[in-house]
Number of protein chains: 4
Amino acid sequence: MSGSTLGTLFGVTNFGESHGPAIGCVVDGCPPGMRLAAADIQRDLDRRKPGTSRHVTQRKEPDTVEILSGTFEGVTTGTPIALVIRNEDQKSRDYGNIAETFRPGHADYSYWQKYGVRDYRGGGRQSARLTAPTVAAGAIARKWLGENHGVVIRAYLAQLGEIAVPFRSWDDVDDRDANPFFVADLGFVAQLEAYMDALRKSGDSVGARVNVVASGMPVGWGEPIYDRLDADIAHAMMGINAVKGVEIGAGFASVAQKGTDHGDEMTPAGFLSNHAGGILGGISTGQDVTVSIALKPTSSIRLPRRSIDKAGNPVTLETHGRHDPCVGIRAAPIAEGVLAIVLMDHALRHRAQCAGVSTGTPQVPARA
Amino acid sequence: MSGSTLGTLFGVTNFGESHGPAIGCVVDGCPPGMRLAAADIQRDLDRRKPGTSRHVTQRKEPDTVEILSGTFEGVTTGTPIALVIRNEDQKSRDYGNIAETFRPGHADYSYWQKYGVRDYRGGGRQSARLTAPTVAAGAIARKWLGENHGVVIRAYLAQLGEIAVPFRSWDDVDDRDANPFFVADLGFVAQLEAYMDALRKSGDSVGARVNVVASGMPVGWGEPIYDRLDADIAHAMMGINAVKGVEIGAGFASVAQKGTDHGDEMTPAGFLSNHAGGILGGISTGQDVTVSIALKPTSSIRLPRRSIDKAGNPVTLETHGRHDPCVGIRAAPIAEGVLAIVLMDHALRHRAQCAGVSTGTPQVPARA
Amino acid sequence: MSGSTLGTLFGVTNFGESHGPAIGCVVDGCPPGMRLAAADIQRDLDRRKPGTSRHVTQRKEPDTVEILSGTFEGVTTGTPIALVIRNEDQKSRDYGNIAETFRPGHADYSYWQKYGVRDYRGGGRQSARLTAPTVAAGAIARKWLGENHGVVIRAYLAQLGEIAVPFRSWDDVDDRDANPFFVADLGFVAQLEAYMDALRKSGDSVGARVNVVASGMPVGWGEPIYDRLDADIAHAMMGINAVKGVEIGAGFASVAQKGTDHGDEMTPAGFLSNHAGGILGGISTGQDVTVSIALKPTSSIRLPRRSIDKAGNPVTLETHGRHDPCVGIRAAPIAEGVLAIVLMDHALRHRAQCAGVSTGTPQVPARA
Amino acid sequence: MSGSTLGTLFGVTNFGESHGPAIGCVVDGCPPGMRLAAADIQRDLDRRKPGTSRHVTQRKEPDTVEILSGTFEGVTTGTPIALVIRNEDQKSRDYGNIAETFRPGHADYSYWQKYGVRDYRGGGRQSARLTAPTVAAGAIARKWLGENHGVVIRAYLAQLGEIAVPFRSWDDVDDRDANPFFVADLGFVAQLEAYMDALRKSGDSVGARVNVVASGMPVGWGEPIYDRLDADIAHAMMGINAVKGVEIGAGFASVAQKGTDHGDEMTPAGFLSNHAGGILGGISTGQDVTVSIALKPTSSIRLPRRSIDKAGNPVTLETHGRHDPCVGIRAAPIAEGVLAIVLMDHALRHRAQCAGVSTGTPQVPARA
């Protein structure tokens, strides 16, 4: 299978370049009979779109999605759902310098050596703009998971540079759209704004951590070897631009844990902890699926950086223009969409193989 | 595609249970004409196998591999290579208790709820024993990568519980098989032995971190969206038993980095740093591919743990028997094999699409 | 993998419904660096499009293709190529009757029972109109095969109802676009026109046979078990609307052949016959790949037919409107496109695994 | 995906060579909870195995299957089922001549040019012996289809050389194992025996036609574009050694049919005919799925044939040894197994996407 498809049964095939005519995706395998309108998808695209505050890129892209197929009279038909977003903010300008040099931290050099040709306008296919189709497909998955299984998926910014924003409560997470950072504690907003204003002024950029959680999970989704639920989540999360690390549950904290700390005990009233992050042996346990991702600092910064050009000569590059000083700020809706796609794919895979399995064992409540 | 296959063009289909007749895999897509004997595979299996020191499980499994197909007169023919390892140390004993209860931290509960039936003997399919076929397939990939591209893959234990073992030099890494911990600094061995002896005595277990590095990488392997090289590495690594986190390059350290810290500058003499971990935009840059994984502490411990049985009643479990107090200790050969499989798969995918691409741009030396 | 993708490395994901906003496909895996413009694709779409003579449907669809991604400055970049064809001739009319009944010979009933919802306008997704994206993708494959391997793919109508049109020469085949039937012998045109005029008058429809041949084939494309080149061709051809049979080489004539008749002998000057149709053991031999397909008569006819409605009551249906009396007439460009896609996919698969294989054995000329 | 796997959710990965240590397959995706013992599989292997009459090859292979994984206490666990058949009748002899020459009609030449190396002993991987693992996997699928859906799959020899054996009744088909030809009319046995005796004496071989039918089909299995049920059947059937043609329903007879002949009318009492072969728009209608395949004459014959050797020099070959004079005779169990695999795969794919769809429309009885 070619590399631009995410998912096995709920398959999302992504296409497009930042400054080409359009970006989009084809979602194949969605069950029939679900109500679906463009507005259901637009909601998540709007959460991700640029230009919503001074802390993100000022590029203006309405990111209006059109459904080209797969619905009829407002209902999914079971056939492929093609989604298209026209690129509108294609500033006509001179890209000559970008065409001839490799921006450090970007994929200019690796694309060039791989393909021998590259659409350098706005980063072409490597642009974070290409996460929009993923978000759009994720909105479909999220709707289906909610309606069919009561699964709720929520992401929030957990750390911005050195500033960690601890989880307080789900009520706060539900407020995450009410601030420009998707943090789950509004008390941190002023501090983050000051931090970002200073950062922007400095011309530098910074990394971030985003947590994403699926609640209301059924037990049994995932396959043991190799397509474990956690493995497929890791694949999809590491496939988001700028992500350099993925954790499930306790993640890297597991390294220093003892078995008595880490192993989640069970009682008839439920699990007593969730270091597993809701997945054991690659299969969901019914507890919340908890994921954390690290996003690197934006590579496009105003400060001078050393690089080379296509002839191999040294150059110095400063990137001016409209860039996010912290790509992690807009990553929460992306992480939600990605998790939704993976969970839905496994929901379908699970019922393909195991529909009708019944154990008689009571399901343990998903506490802690 | 069903879930037990790793890789797209170099495809490894895993089968088996810990105490069934055999475990193994079918490796489909290996190029023809490579010399391959069982000994080439056995070498890595022996590095992973149990019972090699007092710090790992004392289970005795020779793990002798047999090649059933795909070679002729000692050379690969291009047809599927089936590898079988007979299970020999199948102690005939009473598993009744394990059959009726769910061990905390294990996948007993999630398997049961998913499938409604499970082979509980020795953990069945969730046993870490099932990494042996992956190691075997990885040995084939490693050989091909070395012979065809000069790629060298090395993993070492970087942290055991609280004890971090810093990287010193590749010479030390090359010594990693000379100690029971696969650490890259023999000076730490005494400290680790004391730590493990105390741990074993306490009945508890502990987590670990393993680093794995591919050197001699070509530029251009990987696909932009979604099957990025780093995404596929994350998938495969998170598919190893007990892994809870995966990092590429700077990993979670990226969160607090500034763009000026993280972005790897280039000069005609090479990259000046490698925070990217050798991958940009999902495509290899030619620098070392650097990966770090977190392994949770072993779930089977001698200390009492609360759980429930199949009727939903509370039980207390203590696990006696032959278990690794730290599964991370034997994980280095597994991580090497997994990385080899992913890299080889992308080597084939790359030449399928891009054979013959030539840019005229000099390849930047892979410094730093 | 979901079902709307054709090909493994050269993957074509089809979307759309006959009367929705648009139809199209995403072509993933095309090698970079090939010149490609919309005109290269439009040429084959125009050969397939309706309304070109009185013998085919009079529906007016310009079928104008737009390339949304995957090319830059007129050259393929190696990223997905999205192709969109807007539906323009969507007559706004009352579909009430079609919505409530199942047309015999059509997939109305099977779609309805499968999905519980269906876009009945113009046949929705079951419309032969959905072969247009396949033809578009095939045009890309055909161009690549021609430029990189000198492979030429030609299809012609070999039988229309009872009238067989024997092959005369490749020169005649090259004339196939010069007549409304894609026959390879212009001497038959008058007879076919009279036949079709009478058929159209009668209100009935008829089947057809189309032959498709790939010349200039390299030896070695295809895999032994199960993705044989002939198996993948059969899959793709049987996936064309209305196709009920596929033959490779001698096809069903093999049943009554003796081994001395069928087995193609070889001499240093080449093969002496080609009953194999250019494929042995699932792998191309270098001879022409010869395929023949049977297309059933159009199901939509003016004559009364018995059926049932959604309540299970008997109804009588007559289909008026713009339908091809013989869908086989327009099938030649479709068969060419389909064969091109399969061959290109296997060209990439072959070089992924076997690039660099060299035997020293001279290649047998592809005679006969 | 590499080429040795058949099926998407019910995936069969085939391995082995005729004279290597073993042949077999891994069946991934089988639902848990089905009783399965080696005897369930052995039954179909015994129907296919050589040496059962004088009309087939006298090679002695017990073809005893061993289940290595995926069952526990006689029940499938949902994990991969590995099946192994040891090769026992490996006559140690001089293969020198075969190694250096290309047998006409065999894949010696195409394998050699593709891979540059080939296991020539007994045909290696191109041997029809490699259909045994397919039959074994098919036995699992057939059992599941029967128990879960009441689907019954039956194949019979419909033509042997010039002798057509018309279908009489299902009672006769059920007798097909009671004669060495799998014909469905015992009245033809004497004629066929005489024919085969003469053929064997002549040293020549002959082709055959096999029909295979699935009864008791549910409506709704299959996907519209491209993985139609008929397309996947065509792929799998054309993947059987020696098959040169595949028909669904009326097949090539459709070419000369009128729409009024071909289109199957429906009444509340059921379909009035079945020219569609139980599939419309790629989706099952609930009628019998009817398939017919053409098998070419055996390429290995005693009569002299012209060919070349690896140096390109002309040679004359006569093949002595134990070969089927008509490979079609043993093909009925193979065709049954292949159809079972495809149907089961689509049964799982269907419920993945469409579980729970309910239309309220009464299902039309599958008459005619």
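The values are calculated or read from the model by the stated rules, or taken from the named source; none is laboratory data. Just so it is clear, the model here is predicted, and its values are computed rather than measured. Every residue, glycine among them, receives a Cβ derived from its backbone with ideal geometry; neighbour counts consider all protein chains shown. Note: accessible area is taken over every heavy atom of the protein model, side chains too, but ligands, DNA and RNA are not part of it. Shrake-Rupley method; radii C 1.70, N 1.55, O 1.52, S 1.80 Å.
When chain C is treated as a Gaussian network with alpha carbon springs shorter than 10 Å, the biggest mean-square fluctuation among C:LEU83, C:LEU192, C:LEU272 belongs to C:LEU272. Per residue, the average separation of C-alpha pairs within less than 8 Å and at least 6 apart gives the range B:148-258 a relative contact order of 28 percent.
I'd like the GluC sites (Glu not before Pro) in the range C:32-141 restricted to DSSP loop residues with at most 16 other Cβ atoms within 10 Å, sorted by number. Display every interim value, and only then the final one.
Details: sites: C:GLU66, C:GLU73, C:GLU88, C:GLU100; in loops: C:GLU73, C:GLU88.
Here the sparse-neighbourhood loop sites are C:GLU73, C:GLU88.
Shape class for the range C:163-225, computed from the alpha carbon gyration tensor (a ≥ b ≥ c): oblate, with a/c not under 1.5 and a/b at or below b/c. A simple spin-label model places pseudo-atoms 7 Å from Cα toward Cβ; at B:GLU147 and B:GLU88 they are separated by 2.8 nm.
May I ask you to give the percent of accessible area on the protein assembly as shown that is carbon plus sulfur, with a probe radius of 1.4 Å?
Values: 21180 of 42140 Å².
Exposed carbon and sulfur together represent 50 percent of the surface.
Each distinct pair of alpha carbons in chain A adds a 1/r term; the inverse of their mean, the Kirkwood radius, is 21.7 Å. Remark: the range C:5-354 carries 27 Å² of accessible area per residue (probe radius 1.4 Å; ligands, DNA and RNA excluded).
For the protein assembly as shown, evaluate the Debye formula with one uniform point scatterer on each Cα (no solvent term) and list log10 I(q)/I(0) at q = 0.04, 0.07 Å⁻¹, rounded to two decimals. Ignoring solvent entirely, the Cα scatterers give -0.23, -0.73.
Here the spin labels are modelled as points 7 Å beyond Cα on the Cα-Cβ line, and at A:ASN97 and A:ASP177 they lie 3.9 nm apart. Sorted from shortest to longest, the distances between the C:GLU147 label points of this copy and the other copies are 3.5, 4.4, 5.5 nm, with each point 7 Å from Cα along the line through the beta carbon. Computed from the C-beta positions of C:LYS201 and C:THR359, the FRET efficiency with R₀ = 45 Å rounds to 0.15. Using heavy atoms of the protein chains and a probe of 1.4 Å, the accessible area assigned to D:HIS149 is about 80 Å². Starting from the label point of B:GLN191 at 7 Å along Cα→Cβ, the same points in the other copies fall at 3.3, 8.9, 9.3 nm, in ascending order. Summary value for the range C:5-354: 22 percent relative contact order, contacts being C-alpha pairs under 8 angstrom separated by 6+ residues. Of all the options A:ILE248, A:ILE279, A:ILE225, the one that moves most in a Gaussian network model of chain A with Cα springs shorter than 10 angstrom is A:ILE225.
The calculated Kirkwood hydrodynamic radius for the range D:244-354 is 18.0 Å, given to one decimal from all distinct C-alpha pairs.
Per residue of A:307-318, other chain Cβ atoms within 10 Å of the residue Cβ number 4 on average. By its C-alpha gyration tensor, with a ≥ b ≥ c as the square roots of the eigenvalues, how is the range D:94-225 shaped: rounded for a/c under 1.5, else prolate for a/b larger than b/c, else oblate? Taking the square roots of the gyration eigenvalues as a ≥ b ≥ c, the range D:94-225 is oblate. Note on chain A: GNM, Cα springs under 10 Å; of A:ASP40, A:ASP324, A:ASP261, the largest mean-square fluctuation is that of A:ASP261. Where a ≥ b ≥ c are the square roots of the eigenvalues of the C-alpha gyration tensor, would you call the range B:52-167 rounded, which needs a/c under 1.5, or, failing that, prolate if a/b is larger than b/c, or oblate? Note, shape of the range B:52-167 comes out oblate. For the rotation carrying C onto B, the chain C residue whose Cβ lies nearest the axis, with the distance in whole Å, reads C:ALA352, 2. Centre-to-centre, using Cα atoms only, the range C:1-74 and the range B:1-61 are separated by 44 Å.
Each other copy holds its own label point for A:PRO304; taking that point as 7 Å from Cα along Cα to Cβ, the gaps run 7.0, 8.6, 9.0 nm, nearest first. Considering only alpha-carbon pairs that sit under 8 angstrom and 6 or more positions apart, the relative contact order computed for the range C:1-138 is 31 percent. Relative to one another, the C-alpha centroids of the range A:270-336 and the range C:118-156 are positioned 39 Å apart. For the range D:5-51, the Kirkwood estimate of hydrodynamic radius, built from reciprocal distances between every pair of different alpha carbons, is 12.6 Å.
Excluding ligands, DNA and RNA, what is the accessible area buried between chains B and A, summed over both sides, using a 1.4 Å probe, to the nearest 100 Å²?
Summed over both sides, the interface buries about 9300 Å².
Based on the Cβ-Cβ distance of D:ALA38 and B:ASP46, what FRET efficiency does E = 1/(1 + (r/R0)^6) give at R0 = 25 Å, to the nearest 0.05? If you can, show how the numbers build up before the last one.
Details: r = 32 Å, r/R0 = 1.28.
Given R0 = 25 Å and the Cβ-Cβ separation, E is 0.20.
The long axis of helix A:131-149 is offset from the longest Cα principal axis of chain A by roughly 10 degrees. When you work out D = kT/(6 pi eta Rh) for the range C:206-288 at 37 °C and 0.692 mPa s, using the Kirkwood radius from C-alpha pairs as Rh and the Stokes-Einstein form, the result is 237 µm²/s.
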